[in-house]
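Notes to accompany the following structure.
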Amino acid sequence: MSIQIDRQKLKDGLKEEFGTQYLAENAFAYADDMLEVAEAWINSDEWKNDPEIDTSREARIVLRQHISLKLPQERFQSWFVGHYMWYFIVRKVTVWSVMKIIQQHWNEMAAEKGLPPED
């Protein structure tokens, strides 16, 4: 079964949450690629075969780690921004997005894995 992330809904939420912040456009460009990586992970067998992923919290942690490994954050950084500031922005966008993705799709993911849905 293929789970489709509603990208427009998430992008609208990102614009509402982070639209007025410093480097918002760079963060949105990062979010586009991050959503592709997240959707590919959700539709892969990687998380289904991991026995440690049996709650939405564990799924969020593993998805954040997967995104950090797969997506080079420096590619979206402006040349005049310090690394610490850019990583702070990227982390906020990633944590918020992953939380929303897992909240929206955990019951489908749990059903695929044979786990009970969370309330």
Original post:
How far apart, in nm, are the 7 Å Cα→Cβ label points at Phe28 and Gln103?
Top reply: 2.1
Original post:
What whole number of Å gives the distance from the Cα centroid of the range 94-108 to the Cα centroid of the range 50-74?
Top reply: 11
Original post:
Given only helices, namely DSSP H runs of n ≥ 4 each adding -39500 (n - 2.57), what is the per-residue ellipticity at 222 nm of the chain, to the nearest 500 deg cm²/dmol?
Top reply: -22000 deg cm²/dmol
Subject >> Computed Kirkwood radius, in angstrom, where 1/r is averaged over Cα pairs of the range 2-44 >> reply: 10.9
Original post:
Computed over the Cα atoms, what is the radius of gyration of the chain divided by 2.2 N^0.38 Å, N being its residue count?
Top reply: 1.09
**OP:** For Gln21 and Phe88, compute 0.36 nm times the residue count separating them, minus their Cα-Cα distance, and round to one decimal in nm.
**Re:** 22.9 nm
Subject >> Check: the chain dipole with +1 on Lys, Arg Cβ and -1 on Asp, Glu Cβ, in debye >> reply: 400
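Throughout, read-outs are computed from the coordinates displayed, never taken from laboratory work. Note that this is a predicted model, so its numbers are computed, not measured. With ideal geometry, Cβ positions are generated from the backbone for all residues, glycine too; neighbour counts draw on all protein chains shown.
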